[in-house]
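Working notes, structure below.
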Amino acid sequence: MSTIRNKYAIVGVGESKRSKNSGVTPLHLALDAARAAIADAGMDAKDIDAFMSYSEHDSCTPHQVATYLGVRPGVVKEIIGGGSSTELLIADAVGLIETGQAKTVLIYRAMNGRSGMRMGGGGWSTDLLQSAFDGGSFIIPYGAGSPGQWFGLFATRHMHLNGLTQEHLGHVCTSFYEHAQRNPNAFFYGKPLTMEEYMKTAHLSSPFTKHDFCLESDEANAIIVTSAERAKDCKSTPVHIMGMAARQSVSHAHYWKNVDEVASDYVAPELYKAAGITPEDIDVASIYDCFSWVVLRQLEAYGLAPKGEVGDFVAAGNLRLNGKLPTNTAGGMLSEGYTHGMNNVLEIVRQVRHEYAGTNRQVENCEIGICTGWAGPDIAGAMVLSK
Amino acid sequence: MSEETKVKYEKPIPLKTLDNTPYWDAADRHELALQKCNTCNAYNHPPGPSCASCGSVDVIWENQGSVIQGKVYSYVVSYRPFLPGFQNDIPLVIAVVELDHLPEVKIIGNILNGNAENVTIGSAVNMVWEDVTEDRAVPQWVLA
Ligand SMILES: [Zn+2]
């Protein structure tokens, strides 16, 4: 992977309106996000010759998006995938461009995640769920149907072994909610969260309260990837991909005989090798945050906080804007919005571009950013970006 | 089993599939059966079409009997039913249990007599079988 270092760039990012009830189909949202990303890059839709997306049977196809942008691209690709798919598809985009199969790739995630099919469950046939998940017959009859319960099984043991407390989870939540107060487009803009309030909030499923669960929203995000060479002709400030890595580790996606390792543990060394940096070089972070604990676990996996000291790291305020590692600076999926990880990618691009310069949202002097994806404990992907 | 119990059971009943039927057939007899790989000797739980440790198709089923003891490896306590049928089981304790005689095997179940206060990592538990219909039973755990 080191051979692609800084040869590719993200040149456009865009989003649709974010709401609890869009009143339109995911296709409308996807088109809005795609048009915004294309405008951000200063391109024409016809400059895009590959369209890719991921979903969990809850979206529109790249074929449709291309069609209604009036484009007949060379490549359309759709994968079924979880929250590390943005990074995985960006890696695919790089591969397509590197091998001459495409020149410029648009990747989107569009979902009515609140008003339509909800990731958090509900309305599903339990027989369907038993069949849909590998090993589903061994979890669904026991009431374990929510990612909050699945990841909670990892969290309880990890917290027990590493001295992590409810308050440490609270520091993740309050830090991200604080970021959301500077982002008028965040769901929880105007709804700050104090530690006192957090600690009084009951568990939905231990060790998680409603604040530790990500929110659900209707929205679409889009990203445009092209070569560093072509990026020079774009209107936007290109953000270069220094390195990427992805990995499957845990044997079953939905059944766990070992909760002491996650795929991120294996991605981290490959990522730093590809990017040619160390964790100390990173100035700003987007860490996949479907649940607060998932952030703590990844800070440890990626060496962003010393193992065994992750709790102290977040308690010291290091995730805040003036901390050592401002993280999920738009509020993340805990408090900004939920586009299955992609909104965190948009934010890291904007930070590394210094798009917020002159406002209270810019991380000062940030040069290198990390973005991590978590499709579950079993699959992770991550990338390092710089201007 | 009484008529009343049969009517009341609203929770999902484990689906028997091509790969897991011997496990659930054993559960119906109040026994634990585990899939074992003849090539690498790993126990596979959940079972599958081949060994998840080495890929071998030479897998067999081994009966473990009806006295199954373990320790809580991890757990959650849910205060909301995330699936239909569990509204009367709140708070619901879902535990991953490490078998005493085969620590590499972890079996998820509910701790029927457990709650947030008396369950912890390391708690000793015994497997019991809950009769859920006339001919089906589900392995569960109780605090020892
Ligand atoms: Zn084997």
*Filter the helices (runs of 4 or more DSSP H) completely within the stretch A:62-135 down to those with at least 3 residues that are open to solvent by 30 Å² or more (accessible area, probe 1.4 Å), out of contact with any strand residue (DSSP E or B) (no Cβ under 7 Å at 6 or more places or on another chain) and within 14 Å of chain B (Cβ to nearest Cβ).*
A:126-132
*Do we find that A:ASP40 is in contact with a strand residue (DSSP E or B) (Cβ under 7 Å, 6 or more places away or on another chain) and open to solvent by 10 Å² or more (accessible area, probe 1.4 Å) in this structure?*
yes
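State the number of residues belonging to the stretch A:155-164 that are within 7 Å of another protein chain (Cβ to nearest Cβ) and either buried (at least 24 other Cβ atoms within 10 Å of the Cβ) or touching a strand residue (DSSP E or B) at 6+ places or on another chain (Cβ under 7 Å) (or both).
2
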_Criterion (within 11 Å of chain A (Cβ to nearest Cβ), touching a Leu at 6+ places or on another chain (Cβ under 9 Å) and open to solvent by 50 Å² or more (accessible area, probe 1.4 Å)) met by exactly one of B:PRO49, B:PRO12_ = B:PRO49
_Residue count for the stretch A:174-195, restricted to those that are open to solvent by 20 Å² or more (accessible area, probe 1.4 Å) and in a helix (DSSP H, G or I)_ = 2
*Take A:HIS171 and decide whether it is assigned to a loop (DSSP other than H, G, I, E, B), within 24 Å of A:ASP312 (Cα to Cα) and either open to solvent by 10 Å² or more (accessible area, probe 1.4 Å) or free of Cβ contacts under 8 Å to residues at least 40 places away in the same chain (or both).*
no
*Pairs under 6 Å by beta carbon, first residue touching a residue at least 24 places away in the same chain (Cβ under 8 Å) in the stretch A:349-362, partner open to solvent by 30 Å² or more (accessible area, probe 1.4 Å), six or more apart or different chains?*
A:VAL352/A:LYS387; A:ARG353/A:THR237; A:ASN360/A:ARG182; A:ARG361/A:ARG182
*Under 6 Å by Cβ, and 6 or more places apart or on different chains, what pairs join a residue from the stretch A:36-55 that is touching a residue at least 12 places away in the same chain (Cβ under 8 Å) with one that is of a type in the set (Phe, Trp, Tyr)?*
A:SER53/A:TYR108
*Would you check which residues across the stretch A:239-272 are open to solvent by less than 10 Å² (accessible area, probe 1.4 Å), among the hydroxyl-bearing types (Ser, Thr, Tyr) and within 10 Å of another protein chain (Cβ to nearest Cβ) and list them?*
A:TYR255
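Considering every residue within the stretch B:62-72, establish whether at least one is facing another protein chain (nearest Cβ under 8 Å) and under 29 Å from A:TRP124 (Cβ atoms). Don't jump to the end; show me each part of the working.
Going through the stretch B:62-72, the residues facing another protein chain (nearest Cβ under 8 Å) turn out to be none.
No: the stretch B:62-72 contains no residue that is facing another protein chain (nearest Cβ under 8 Å) and under 29 Å from A:TRP124 (Cβ atoms).
Table: residues versus (1) out of contact with any Ser or Thr (no Cβ under 7 Å at 6 or more places or on another chain); (2) small (Gly, Ala, Ser); (3) closer than 23 Å to B:PRO46 by Cα; (4) open to solvent by 50 Å² or more (accessible area, probe 1.4 Å).
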{"residue": "B:VAL93", "(1), (2), (3), (4)": "yes, no, yes, no"}
{"residue": "B:LEU102", "(1), (2), (3), (4)": "yes, no, yes, no"}
{"residue": "B:VAL105", "(1), (2), (3), (4)": "yes, no, yes, no"}
{"residue": "B:LEU112", "(1), (2), (3), (4)": "yes, no, yes, yes"}
{"residue": "B:ASN115", "(1), (2), (3), (4)": "yes, no, no, yes"}
{"residue": "B:VAL119", "(1), (2), (3), (4)": "yes, no, no, no"}
{"residue": "B:GLN140", "(1), (2), (3), (4)": "yes, no, yes, no"}
{"residue": "B:ALA144", "(1), (2), (3), (4)": "yes, yes, no, yes"}
_Near pairs, Cβ below 6 angstrom, 6+ apart or cross-chain, from the stretch B:102-129 (away from every other protein chain (no Cβ under 13 Å) and free of Cβ contacts under 8 Å to residues at least 24 places away in the same chain) to any residue that is buried (at least 18 other Cβ atoms within 10 Å of the Cβ) and not hydrophobic (A, V, I, L, M, F, W, C)_ = B:VAL128/B:GLN140
*Would you check if A:ARG114 is in contact (Cβ under 8 Å) with a residue 60 or more places away in the chain and under 23 Å from A:PHE187 (Cβ atoms)?*
yes
*Return yes or no: is B:LEU83 modelled with pLDDT under 95 and either at the interface with chain A (Cβ under 10 Å from one of its Cβ atoms) or over 15 Å from the mean Cα position of the chain (by Cα) (or both)?*
yes
_Some residue of the stretch B:53-61 being within 16 Å of the ligand (Cβ to nearest atom), within 12 Å of another protein chain (Cβ to nearest Cβ) and among the polar types (S, T, N, Q)_ = yes
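The values are calculated or read from the model by the stated rules, or taken from the named source; none is laboratory data. The structure presented is a predicted model; accordingly, all values stated were derived computationally and were not measured. Counting neighbours? That spans all protein chains shown, and the Cβs are built from the backbone with ideal geometry, glycine included. With ligands, DNA and RNA removed, areas are computed over all heavy atoms of the protein, side chains included. Shrake-Rupley method; radii C 1.70, N 1.55, O 1.52, S 1.80 Å.
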